[in-house]
1. Of the conditions (1) open to solvent by 20 Å² or more (accessible area, probe 1.4 Å); (2) farther than 23 Å from Lys104 by Cα; (3) out of contact with any Leu (no Cβ under 7 Å at 6 or more places or on another chain), Thr181 satisfies every one except a single condition; which number is it?
2. Only one residue in Ala102, Ala142, Ala159 is over 23 Å from Lys62 (Cβ atoms) and either of a type in the set (Gly, Ala, Ser) or touching a Pro at 6+ places or on another chain (Cβ under 7 Å) (or both), so which one is that?
3. Take the conditions farther than 30 Å from Val60 by Cβ and among the aromatic types (Phe, Trp, Tyr) and apply them to Phe200. Does it pass?
4. For the range 176-203, name all the residues that are closer than 20 Å to Thr141 by Cα and either in contact (Cβ under 8 Å) with a residue 60 or more places away in the chain or more than 26 Å from the chain's Cα centre (by Cα) (or both).
5. Among the residues of the range 139-148, what is the count of those that are closer than 18 Å to Val191 by Cβ and open to solvent by 10 Å² or more (accessible area, probe 1.4 Å)?
6. Please find, within the range 118-132, the residue that is most open to solvent (accessible area, probe 1.4 Å) out of those that are assigned to a strand (DSSP E or B) and either at pLDDT 80 or above or under 14 Å from Ser187 (Cβ atoms) (or both).
7. What do you reckon, is Ala152 aliphatic (A, V, I, L, M), modelled with pLDDT of 95 or more and in a loop (DSSP other than H, G, I, E, B)?
Amino acid sequence: MTTIRAIIIVLCGLMTFSILGYAAYRIYQELFRERHVGDIVNLETDSDIQVQFNLGSFEVIKGTPYLMATISSQQNYRQSYYEKEAASIRNFLFFNTSDQSAWKLIPNNNSLFVRYQTLGLSTPPENVIKNVQGIWYEAVTADSDGDKRLTASDRKTIAVSDFAGKNYTEVIRQVDQVLGTHQPNESTFLVFYTSDAKNFVTEINILTRKVVVTKPLPPLE
């Protein structure tokens with residue numbers, strides 16, 4: 001009986017040691033694994049940040065001879081005791097299939113683009129845009145909340161370019177949140193948004209890339 005009891009004690013000890021060892025291994029993995037985050041640009045100057053820019057897949061701008069692709073950055077840096085990787089759209093590359101020329105939307109890669117969409121009326125029954133009239137962008141251009149990062153929590157800027165990715169124009173600034181958009185006709189683009197705890201709608205002329213009018217929406221209370 002004494003021998004059997006000793007064997008049982010040894011086996012229980014080995015099982016306990018194995019469980020504790022596995023738990024410690026998983027905790028180590030969790031603490032030191034590389035974190036992957038999106039739509040973040042780290043602006044810290046005291047971090048060892050490695051940046052690599054990548055070109056995304058080209059997509060057709062319908063009804064035009066142009067293609068567009070995202071220019072994304074991949075930042076790798078150490079934060080506390082683990083590695084962190086941040087990926088985000090920083091610019092766009094446009095390509096003309098007629099003469100094989102190419103250009104960037106904006107000269108530098110200092111902004112964070114959180115959204116972009118082509119402008120054009122859809123055609124039934126497929127309800128797809130066949131002729132693009134322009135492109136609108138939701139971009140973060142400054143660290144408005146002071147956390148040394150560009151994120152969707154910062155104030156945004158609404159911009160419009162022509163369908164070739166030229167004449168990029170910032171039309172609405174200091175946007176806290178985009179509530180929705182609507183294109184009622186070929187030349188009009190409506191943006192509903194919140195700024196300073198108030199709701200607004202701004203009408204933009206797609207062809208001239210200028211604000212026609214901005215109106216406050218009725219208070220909710």
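1. (3)
2. Step by step, each of Ala102, Ala142, Ala159 is checked, and only Ala142 is over 23 Å from Lys62 (Cβ atoms) and either of a type in the set (Gly, Ala, Ser) or touching a Pro at 6+ places or on another chain (Cβ under 7 Å) (or both).
3. It is true that Phe200 is farther than 30 Å from Val60 by Cβ and among the aromatic types (Phe, Trp, Tyr).
4. Correct list: Val178 only.
5. Summing the residues that are closer than 18 Å to Val191 by Cβ and open to solvent by 10 Å² or more (accessible area, probe 1.4 Å) in the range 139-148 gives 1.
6. Thr118
7. no
For every residue, the table says whether it meets (1) open to solvent by 40 Å² or more (accessible area, probe 1.4 Å); (2) aliphatic (A, V, I, L, M); (3) within 25 Å of Asn109 (Cβ to Cβ).
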| residue | (1), (2), (3) |
| --- | --- |
| Gly134 | no, no, yes |
| Tyr137 | no, no, yes |
| Leu150 | no, yes, yes |
| Phe189 | no, no, no |
| Val211 | yes, yes, no |
| Pro218 | yes, no, no |
| Glu221 | yes, no, no |
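The values are calculated or read from the model by the stated rules, or taken from the named source; none is laboratory data. Predicted model only: the values in this text are computed from it and were never measured. Please note: Cβ atoms are built from the backbone with ideal geometry, for glycine as well, and neighbour counts cover all protein chains shown. SASA here: full protein model, heavy atoms, side chains in, ligands and nucleic acids out. Shrake-Rupley method; radii C 1.70, N 1.55, O 1.52, S 1.80 Å.
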